Structure formats: C-alpha cells, structure tokens
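Structure first, commentary second.
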Amino acid sequence: MTTPKRYEGGRIKGGCSLHDTEKPELCQKHLHRCPEPRTVDCCGVVDEHDIVECHRCGRQWTVPCHFDEDYS
C-alpha cells in the first residue's frame, strides 16, 4: 500500500519508491556529488519543474522541466 505522492516541507513524500528522509551522510561526506539522480515528479507537484532524488541519500532538488523536449 503506497501513500499518495505530495509535496511537503520541500520534499516529495509518498509514492512507491521515495525516501521519507534525507540521509546526507551517505553521499555528501564521501562523494563530491550525488550519483545519477532519478526523477520523482515531473511538473506535477511543483509547477514547471521536475523533482529529482538521489537514490542513495534521498536528497531532492528541482530542475527545470524538460517534458516537452523529451516528448516532442
């Protein structure tokens, strides 16, 4: 059972494979930057921006949405 995806406190919560918490020590202490992030939301919860998440530490940040470029 998954909870609905929502934007709360600057983070996406819910959904099927999202981190509830950020664990920066998994990446930031050991790596200069997070490994390849995955998109956790496209233009839905935050207008005109994708939200990406690091699969290791759970850090999330927004990037400009590129939906139109991908699907044009």
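Okay, residues lined up against (1) assigned to a strand (DSSP E or B); (2) within 10 Å of the chain's Cα centre (by Cα):
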{"position": "Lys5", "(1), (2)": "yes, no"}
{"position": "Ile12", "(1), (2)": "yes, yes"}
{"position": "Glu22", "(1), (2)": "no, no"}
{"position": "Pro35", "(1), (2)": "no, no"}
{"position": "Thr39", "(1), (2)": "yes, yes"}
{"position": "Gly44", "(1), (2)": "no, no"}
{"position": "Asp50", "(1), (2)": "yes, yes"}
{"position": "Arg56", "(1), (2)": "no, no"}
{"position": "Val63", "(1), (2)": "yes, yes"}
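For the stretch 6-36, the set of residues classified as open to solvent by less than 80 Å² (accessible area, probe 1.4 Å), in contact with a strand residue (DSSP E or B) (Cβ under 7 Å, 6 or more places away or on another chain) and at negative phi consists of Arg11, Ile12, Lys13, Leu18, His19, listed by residue number.
The values are calculated or read from the model by the stated rules, or taken from the named source; none is laboratory data. Source: prediction; values computed, not measured. Neighbour counts are summed over all protein chains in view; Cβ atoms, including those assigned to glycine, are modelled from backbone coordinates with ideal geometry. When the accessible area is computed, the model is the full protein with side chains, heavy atoms only, and any ligands, DNA or RNA have been set aside. Shrake-Rupley method; radii C 1.70, N 1.55, O 1.52, S 1.80 Å.
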